[in-house]
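First comes the structure, then the notes that go with it.
The values are calculated or read from the model by the stated rules, or taken from the named source; none is laboratory data. Because the structure is predicted, anything quoted here is derived from the model rather than measured. Here the Cβ positions follow ideal geometry from the backbone for every residue, glycine too, while neighbour counts run over all protein chains shown.
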Amino acid sequence: MSNRVLILHGWGGSDAPHWQAELASEIAKNYGTVSFPLLDNCHFPSKNRWVKQVKKILKEFKPNTVVCHSLANTLWFWLCQEDIAEIERLIMVSPPSLNTNVETIKTFFPCEIPQHLYAKKIEMIVSDNDPYIEVEEAKSMAKSIHASLTIIENAGHINADSGFGKWELIEDFLMGTQ
């Protein structure tokens, strides 16, 4: 079966020049199958609406790889409390703290780590100076979900604002060379 990649953005979306937009483009350029949906009302997200929207996408698109950035990681944790199909691979980039306290995204928090992540292989990539999570919490989260962990120095929230447009590391992760 060919790789079917679902890319889920965080709060505010991940339009160009964000690395997720670049990744979607790279997959498509190589005749890969990719879905990079704009989630409902991305600047003022509702956990319940996002869960409902992504559950539908999962059923219809049937990805075997899901790439989450930021709030999409928390969304995935909430999706794991629903009845979803298992995927081959989950790549979690810059998950926020499970106790994030930001008014606009308050419906997503606090959040617990689910018992089952519905993924056979889980990889997490974080920065050592992400404003939304401390490295120690990221390490603890990765350990509790049995994820391999890559820590990048001084990468901020690993988004366009911190200089992550075209990002070869994530492309290598996805193409299996990393």
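List of remarks:
- Scanning region 74-92 for residues that are surrounded by 21 or more Cβ atoms within 10 Å (Cβ to Cβ), farther than 14 Å from Ile122 by Cβ and of a type in the set (Val, Ile, Thr) yields a total of 1.
- Taken over region 1-22, the criterion of being touching a residue at least 40 places away in the same chain (Cβ under 8 Å) and over 28 Å from Thr107 (Cα atoms) is satisfied by Met1, Asn3, Arg4, Glu22.
- Qualifying residue in region 58-73 (condition: farther than 22 Å from Ser144 by Cβ, modelled with pLDDT under 95 and of a type in the set (D, E, K, R)): no
Residues checked against (1) over 14 Å from the mean Cα position of the chain (by Cα); (2) closer than 26 Å to Ile113 by Cβ; (3) of a type in the set (Phe, Trp, Tyr):
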| residue | (1), (2), (3) |
| --- | --- |
| Ala16 | yes, no, no |
| Gln20 | no, yes, no |
| Leu23 | no, yes, no |
| Thr33 | yes, no, no |
| Leu38 | no, no, no |
| Lys59 | yes, yes, no |
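- Residue in region 142-154 that is closer than 22 Å to Asn99 by Cα, crowded, with 17+ Cβ neighbours inside 10 Å and in contact with a Leu (Cβ under 7 Å, 6 or more places away or on another chain) present: yes
- Wholly within region 76-178, strands (runs of 3 or more DSSP E) carrying at least 1 residues that are in contact with a strand residue (DSSP E or B) (Cβ under 7 Å, 6 or more places away or on another chain), under 22 Å from Leu6 (Cβ atoms) and among the acidic types (Asp, Glu): 87-93, 119-127
- Contact map, region 152-164: first residue over 14 Å from His69 (Cα atoms), second residue not aliphatic (A, V, I, L, M), Cβ cut-off under 6 Å, separation 6 or more or different chains; pairs are Ile152/Ser127; Glu153/Asp128; Asn154/Asn129.
- Hits in region 20-40 - residues which are more than 24 Å from Phe164 (Cβ to Cβ) and in contact with a helix residue (DSSP H, G or I) (Cβ under 7 Å, 6 or more places away or on another chain): Asp40
- Any chance Asn30 is at pLDDT 95 or above and either polar (S, T, N, Q) or touching a Phe, Trp or Tyr at 6+ places or on another chain (Cβ under 9 Å) (or both): no
- Matching strands (runs of 3 or more DSSP E) fully within region 1-73 where at least 1 residues are surrounded by fewer than 16 Cβ atoms within 10 Å (Cβ to Cβ) and of a type in the set (Gly, Ala, Ser): none
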